[in-house]
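Data block below; observations after.
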Amino acid sequence: MSAETRPAVPATPPLTERQEARRRRILHASAQLASRGGFDAVQMREVAEAAGVALGTLYRYFPSKVHLLVATMQDQLQHLHTTLRKRPPVADSAAQRVAETLMRAFRALQREPHLADAMVRALTFADRSVSPEVDTVSRQTTAIILDAMGLEDPTPEQLSAVRVIEHTWHSALITWLSGRASIAQVKIDIETVCRLIDLTAPGRQPGRRTG
């Protein structure tokens, strides 16, 4: 078995204040190492040393590097969501607000390309054992989009549109990180897919064209 991977541990009770502080140190160390050198720079032993915890303790919190980096993305999205709530998008339409929100998220990741690459690679490598953490990332992204839309009780059609928007945003991030898309192209793709929001608005008649 790889030194970078351990069997997943059973679910644990809520963390104490001290345990939560330790977890935050670990996530901070993970983000710092990833920011300097990307996915390969995040070695579990170095994370443990930087966070001031024993290697065994680190593995009790995060069974593998992929678990750790997906949790790091959760943490980054949570910070982003907090910032967006303090300074929400101001565009008139829901589609424009979501596009503005996702581009702000994209630019935040653009400022830390090595960190972004590490987190996206972890999501790509994630297997079934990381499903709960990946689902949390998806729920956070959904919440960010729904907040920008101004929705608390979306219809099934709107949720379907949100999923397509999430997939497009993730794909756009991957193509940009791999050098296959420019920022301008990412912006066009995001704005285009966000038009689904208008198409799934309640009361819109199927097949009816506007304009």
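Note down the net charge around Arg87, summing +1 for each Lys or Arg and -1 for each Asp or Glu among other residues with Cβ under 15 Å from its Cβ.
+3
What residues from region 52-83 fall in the zone where the backbone N is under 12 Å from a label point 7 Å along the Cα-to-C-beta line of Arg45?
Those under the cut-off are 55.
What does the charge count around Asp135 come to, taking other residues whose C-beta lies under 13 Å from its C-beta (Lys +1, Arg +1, Asp -1, Glu -1)?
+1
Among 59-72, 176-189, 98-111, what's the highest-first ranking by average C-beta atoms within 10 angstrom per residue?
59-72, 98-111, 176-189
If you count only protein heavy atoms with a 1.4 Å probe, what accessible area per residue comes out for the chain, rounded to a whole Å²?
57 Å²
What does the charge count near Thr16 come to, summing +1 for each Lys or Arg and -1 for each Asp or Glu among other residues with Cβ under 11 Å from its Cβ? List each step's numbers first, then the result.
Values: positive: Arg18, Arg22, Arg23; negative: Glu17, Glu20.
Local charge sum for Thr16: +1.
Taking the radius of gyration and the Kirkwood hydrodynamic radius from Cα positions alone, what is the Rg/Rh ratio for region 65-200, to two decimal places?
With Rg and the Kirkwood Rh in hand, the quotient comes to 0.94.
Leaving ligands, DNA and RNA out of it, report the carbon-plus-sulfur percent of the accessible area of the chain at a 1.4 Å probe.
It is 52 percent, rounded to a whole number.
The values are calculated or read from the model by the stated rules, or taken from the named source; none is laboratory data. Remember, predicted model here, so these are calculated numbers, not experimental data. A quick note on method: Cβ atoms are made from the backbone with ideal geometry, for glycine too, and the neighbour counts reach across all protein chains shown. What goes into the accessible areas is simple: the full protein's heavy atoms, side chains included, and nothing from ligands, DNA or RNA. Shrake-Rupley method; radii C 1.70, N 1.55, O 1.52, S 1.80 Å.
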